[in-house]
Amino acid sequence: MKELFWIFISASLVSNFTLALFLGLCPFLGVSGKVATAVRMGMANIFVLVITSLTVSALNTWVLPHAPYLQLISFIVVIASLVQIVEMAIKKLSPTLFRELGIFLPLITTNCAILGLALFQTNRGYGFMEGLVFALGGGVGLTLALVLMASIRETVELADVPSVARNMGLVLILAGSLSLAFMGFAGLFSS
Amino acid sequence: MENPRFELTASPHIKGPDSTPRIMWSVVGSLAPVIFAAIWYFGPSAVFVIAAATLGCVLTERVFGPGGSLKDGSAVITGLLLGLTLPAGIPLWMAFLGGIFAIGLGKLIFGGLGQNVFNPALLGRAFLQAAFPEALTTWPNVSGPWWALRGDNFALPFMSANPVATVTGATPLGLMKFEGTHTELAKLIIGSTGGSLGETAAVMILLGGAYLALKKYLDWRIPISIFLTVAVLSQIIHVFMPEEPGALFMLFSGGLMLGAVFMATDMVTSPTAPKGAWIYGGGIGVLVVVIRLWGGLPEGVMYAILLMNSLVPFINRATQPRLFGTGKEAAA
Amino acid sequence: MSEQKLPVIETESGGAQPPPVQVEASSVRLISTLAVAGALAGMAIVMVFQWAKPRIDKHNAEVLAAAVTDVLGGAQRYETVFLDGDHFTTEPQSDTAGLDRVYVGYDANGQPRGVAMEAGEPGFQDVIDLLFGFDPATGDVIGMKVLNSNETPGLGAKITYDSTFIGEFNGVGTPLQGVKKDRAKGGHDEVVMITGATISSRAVIKIINDRLDAIEQPVDSYWSTLAPAAATSAAAKSGGSVTNAASGGGL
Amino acid sequence: MSRRTTPQEDFIRGIWKENPVLVQLLGLCPTLAVTGTVDNALTMGIATFFVLLGSSVLVATFKSVIPKEVRISAYILVIATFVTIADNVLHAVVPEIHKSLGPFVPLIVVNCIILGRQEAFASKNTVGRATLDAIGTGFGFIITMMIMGSMRELLGNGTWLGYPLFGAHFEPWVIMVLPPGGFFTLGFILLGIAWWKGRTAVPVRPRRWPHGVTTEVGGSTS
């Protein structure tokens with residue numbers, strides 16, 4: 001139990017998926033202009049991360065011990081198709097949810113965070129429960145970073161930012177500052 | 001609301017008729033007792049370090065800032081505050097570099113005064129802490145002759161400091177966390193303990209803070225909510241886990257006083273609405289307790305404030321339905 | 001082909017094709033193309049994998065052997081033993097993949113030199129994995145090597161290369177006690193921590209202590225089957241470590 | 001393709017004018033994650049170069065055979081194959097660097113630069129042009145990785161490719177090799193490029209807050 005808790009804290013705060021591991025940077029830098037969008041993007045990410053984690057646990061248990069060289073290809077193919085199937089199922093079952101999250105799903109499939117989760121989960125030898133908690137923590141961390149960034153950017157929109165920093169420069173400095181602030185969580189609950 | 005008249009001054013504009021420079025220079029004045037205490041305890045090193053940090057800030061503002069922006073005094077405040085958060089023995093070039101970073105990436109890149117998200121002084125401090133962790137956690141002992149340097153202040157730029165000749169000590173929080181020993185409360189209050197230049201003398205900090213609160217230049221809700229949260233939370237934890245320190249120790253040790261009174265209350269980077277101030281202060285308090293008790297670092301005030309700074313846009317959204325034009329209601 | 005004409009041609013060709021026929025025709029083609037591509041890709045991957053696998057395995061074995069030699073003070077060879085149920089054995093009944101394991105090192109004369117074991121727990125940033133050598137006969141840790149860590153460069157990361165710190169684990173009583181440099185009393189169980197990196201140093205000490213807590217019993221009993229003569233001293237020592245723990249508890 | 005480009009343009013474009021990282025802001029994940037040291041950055045750059053070149057050549061060769069409907073799947077299959085090969089080769093040849101790169105080598109698969117070049121260029125052009133384009137883009141990526149890696153290793157460790165350059169007393173800026181340092185370094189480079197471009201062209205844009213701003217701006221966000 002204690003270990004699961006630490007995995008969650010680590011993935012969400014200490015080694016935040018986005019701010020420390022650099023996973024999910026595309027949405028972090030690209031879709032972080034508006035808070036409302038960022039929240040939905042984060043939710044969709046949590047959702048896909050959890051599906052991914054379950055898939056990876058299954059693959060790691062039953063398939064990959066026999067064919068380790070297929071690791072990468074099977075991760076990509078299986079995750080992509082599973083997300084597609086879930087997307088279709090959601091479209092059928094809950095059109096409202098689909099409208100909220102659906103448009104992000106195809107984008108997310110080829111996102112660093114998804115494959116990154118699969119690889120980190122495998123490299124660290126996480127089992128079923130550990131993987132699930134890792135995915136949840138990673139998703140929460142990603143959402144946290146995304147929403148914080150979006151709310152800051154909405155405010156900064158109104159500032160007289162110097163022209164050299166208008167594009168990505170300021171966003172990266174902001175990301176660095178957030179990452180710096182998150183260093184305060186170093187070592188949290190580790191002993 | 002029908003016909004809003006916009007006065008385009010920089011952001012700390014909800015507090016009435018006082019102009020920004022006047023407020024800022026009052027803050028500088030209120031820091032005087034804290035600086036005095038720093039010099040009293042840490043000798044000439046305190047003067048050099050604070051001066052180096054301030055010089056870094058002022059030069060950066062002068063070179064990259066909009067013309068005449070030095071007059072509002074905000075760069076000087078950032079420099080003084082940054083200097084006060086540094087250990088006395090730090091090489092001066094590091095303090096100077098911290099000043100450049102604080103103003104350059106903490107303020108000017110957002111467009112200058114009133115538009116930044118993070119407290120510039122703390123951002124500079126966090127940068128230095130991450131860049132030079134060893135120099136930033138070397139605390140000189142308070143004993144020894146007054147006029148002696150408390151470390152290798154004059155290390156050449158970009159070069160490491162020579163190992164300090166004087167005995168290095170530890171902060172009360174460090175002693176608590178790693179050795180399980182308590183520091184006497186009286187020492188914590190008058191400030192004769194190890195620590196950053198300006199954080200040790202609790203009395204002096206409260207003095208400066210009271211002056212600012214009376215002049216209504218700082219929102220009293222923020223320090224009060226931080227103190228309350230830290231005290232209540234740590235006392236509850238202390239009851240259940242007696243090995244953890246109690247409320248008084250938590251309040252008077254480390255940078256809590258300095259941070260709560262002078263950093264967290266920065267008008268630009270704190271919420272504008274009263275309700276927001278309570279949420280913000282409470283959040284800082286909780287984070288301080290969590291990082292101090294369960295984090296890897298002995299002290300967490302700086303990170304707690306920076307983290308809550310990043311939440312301020314969010315808090316403002318939640319506590320103020322409209323971002324603009326509500327200043328008068330909020331202040332009333 | 002001029003720019004203006006291009007879109008016209010496209011719409012014409014798109015509109016002229018009878019859609020159902022094309023879908024029918026291409027769906028077979030789609031699958032066959034992907035299947036062929038997949039088969040080729042699979043072949044290429046398997047070929048490279050077969051070339052790389054022995055090299056990777058050889059390297060891993062070398063790294064492990066070097067590390068075991070390192071932490072066991074120059075053991076000549078080592079033997080992997082698995083924890084099957086509650087006891088160690090070289091030939092476990094169950095599949096070895098999921099079993100906890102330690103490495104018993106032997107010196108040039110074939111005498112058991114000590115037991116090397118891997119352990120890992122969260123440090124300052126991330127999990128620290130290390131290998132340490134343990135001599136059940138004396139109850140001492142006789143060597144330590146960090147295998148994987150993600151600690152702060154230049155500070156916490158010193159646990160991987162600071163020779164003074166690593167040297168501290170060369171013969172130290174268990175359970176280990178971490179002490180600061182100026183507070184060392186020279187006790188047999190003291191490990192002097194790296195200045196400025198106490199959190200990472202403490203993590204290393206805690207990882208070793210926790211691992212021994214969990215596994216010392218079966219290791220000791222396996223050790224006694226290897227070296228019957230050492231069994232008595234191992235028992236005596238475990239009494240010794242209890243007193244150590246009691247005296248250390250007040251700190 | 002509005003206009004035929006010369007081979008030189010195909011090659012040079014990816015290095016500066018359409019630099020994948022600095023101009024198009026693609027592939028930021030490896031650019032930030034593994035540039036703490038020059039050798040990591042260089043290895044990553046070469047691995048990505050290899051995957052990009054291999055995929056581009058293959059895709060350009062078989063572009064007429066691959067049906068449009070499954071092209072993305074086919075590209076990903078091709079890319080994943082090359083990445084698996086690169087991963088295995090690195091693991092066998094430079095195990096230490098492979099270890100420190102960790103999962104970021106397999107993550108080349110989702111590097112937008114590679115898929116982007118297949119979709120935008122290799123699938124529409126001849127093998128020769130696709131090769132030139134891949135080499136140019138790949139070099140652009142390697143160069144960016146080297147700039148990032150050099151800045152971070154020099155300041156963060158006082159060394160370049162492991163050789164100490166500043167003498168024994170240099171105080172390293174540890175932050176440069178930490179995650180925030182990655183963001184700050186790239187941010188700085190982008191600021192520098194924007195400054196350089198602004199110096200040569202474009203007049204400064206008017207301030208976003210002219211005096212007649214209406215209240216709707218505040219209202220629209222809620």
Select from the stretch B:282-311 the residues that are more than 14 Å from the chain's Cα centre (by Cα) and within 15 Å of B:Asn119 (Cα to Cα) and write down the one among them that is most open to solvent (accessible area, probe 1.4 Å).
B:Leu311
Would you confirm whether any residue within the stretch B:58-73 is modelled with pLDDT of 90 or more, more than 10 Å from chain A (Cβ to nearest Cβ), within 15 Å of the chain's Cα centre (by Cα) and buried (at least 21 other Cβ atoms within 10 Å of the Cβ)?
no
If you take the residues of the stretch C:38-74 that are exposed (fewer than 15 other Cβ atoms within 10 Å of the Cβ) and among the polar types (S, T, N, Q), which of them is nearest to C:Lys145 (Cα to Cα)?
C:Asn60
Just a yes or no: is a residue in the stretch D:64-78 more than 8 Å from every other protein chain (Cβ to nearest Cβ), polar (S, T, N, Q), over 23 Å from D:Asn19 (Cα atoms) and in contact (Cβ under 8 Å) with a residue 24 or more places away in the chain?
no
Go through the stretch D:40-69 and count every residue that is crowded, with 18+ Cβ neighbours inside 10 Å and among the β-branched types (Val, Ile, Thr).
5
From the options D:Leu32, D:Leu25, residue that is hydrophobic (A, V, I, L, M, F, W, C), more than 26 Å from C:Ala52 (Cβ to Cβ) and not in a helix (DSSP H, G or I):
D:Leu25
Scanning the stretch B:88-105 for residues that are assigned to a loop (DSSP other than H, G, I, E, B) and surrounded by fewer than 24 Cβ atoms within 10 Å (Cβ to Cβ) gives B:Gly89
In the stretch C:131-188, how many are among the hydrophobic types (A, V, I, L, M, F, W, C) and in a loop (DSSP other than H, G, I, E, B)?
6
Would you be able to tell me the number of residues in the stretch B:131-141 that are within 14 Å of chain D (Cβ to nearest Cβ), open to solvent by 10 Å² or more (accessible area, probe 1.4 Å) and touching a helix residue (DSSP H, G or I) at 6+ places or on another chain (Cβ under 9 Å)?
4
If we scan the stretch D:138-155, do we find a residue that is surrounded by fewer than 19 Cβ atoms within 10 Å (Cβ to Cβ), within 14 Å of another protein chain (Cβ to nearest Cβ) and at positive phi?
no
Pull up the stretch C:65-104, narrow it to residues that are within 14 Å of chain A (Cβ to nearest Cβ) and of a type in the set (Asp, Glu), then point me to the one that is nearest to C:Phe134 (Cα to Cα).
C:Asp100
Could you look through the stretch A:175-191, keep only residues that are facing chain B (nearest Cβ under 7 Å) and closer than 23 Å to B:Ile315 by Cβ, and pick out the one that is nearest to the chain's Cα centre (by Cα)?
A:Leu178
Complete set of residues in the stretch D:9-28 that are open to solvent by 10 Å² or more (accessible area, probe 1.4 Å) and within 11 Å of chain A (Cβ to nearest Cβ)
D:Leu22, D:Val23, D:Gln24, D:Leu25, D:Leu26, D:Leu28
Looking at this structure, is D:Ile97 under 26 Å from A:Ile79 (Cα atoms), in a helix (DSSP H, G or I) and of a type in the set (A, V, I, L, M)?
no
Top-ranked residue in the stretch D:150-189 [being touching a residue at least 40 places away in the same chain (Cβ under 8 Å) and either in contact with a strand residue (DSSP E or B) (Cβ under 9 Å, 6 or more places away or on another chain) or of a type in the set (Lys, Arg) (or both); ranked as farthest from D:Thr43 (Cα to Cα)]:
D:Asn157
Right, B:Leu128: modelled with pLDDT of 85 or more, under 18 Å from the mean Cα position of the chain (by Cα) and open to solvent by 10 Å² or more (accessible area, probe 1.4 Å) or not?
no
Residue within the stretch C:21-36 that is small (Gly, Ala, Ser), within 32 Å of the chain's Cα centre (by Cα) and at pLDDT 85 or above present:
no
Using the structure shown, decide if A:Ser15 is within 13 Å of chain D (Cβ to nearest Cβ) and either modelled with pLDDT of 85 or more or within 15 Å of the chain's Cα centre (by Cα) (or both).
yes
Quick one: is A:Ser10 open to solvent by less than 10 Å² (accessible area, probe 1.4 Å) and touching a Leu at 6+ places or on another chain (Cβ under 9 Å)?
yes
Could you grab me the full set of residues in the stretch A:126-174 that are hydroxyl-bearing (Ser, Thr, Tyr), open to solvent by 20 Å² or more (accessible area, probe 1.4 Å) and within 7 Å of another protein chain (Cβ to nearest Cβ)?
A:Thr155, A:Ser163
Quick one: how many residues across the stretch C:75-119 are among the aliphatic types (A, V, I, L, M), open to solvent by 60 Å² or more (accessible area, probe 1.4 Å) and assigned to a strand (DSSP E or B)?
0
Among the residues that make up the stretch D:197-204, is at least one of them part of a helix (DSSP H, G or I), open to solvent by less than 70 Å² (accessible area, probe 1.4 Å) and at pLDDT below 90?
yes
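The values are calculated or read from the model by the stated rules, or taken from the named source; none is laboratory data. All values derive from a computational prediction rather than experimental measurement. Heads up, the Cβs are rebuilt from the backbone with ideal geometry, glycines too, and the neighbour counts pull from every protein chain shown. Note: accessible area is taken over every heavy atom of the protein model, side chains too, but ligands, DNA and RNA are not part of it. Shrake-Rupley method; radii C 1.70, N 1.55, O 1.52, S 1.80 Å.
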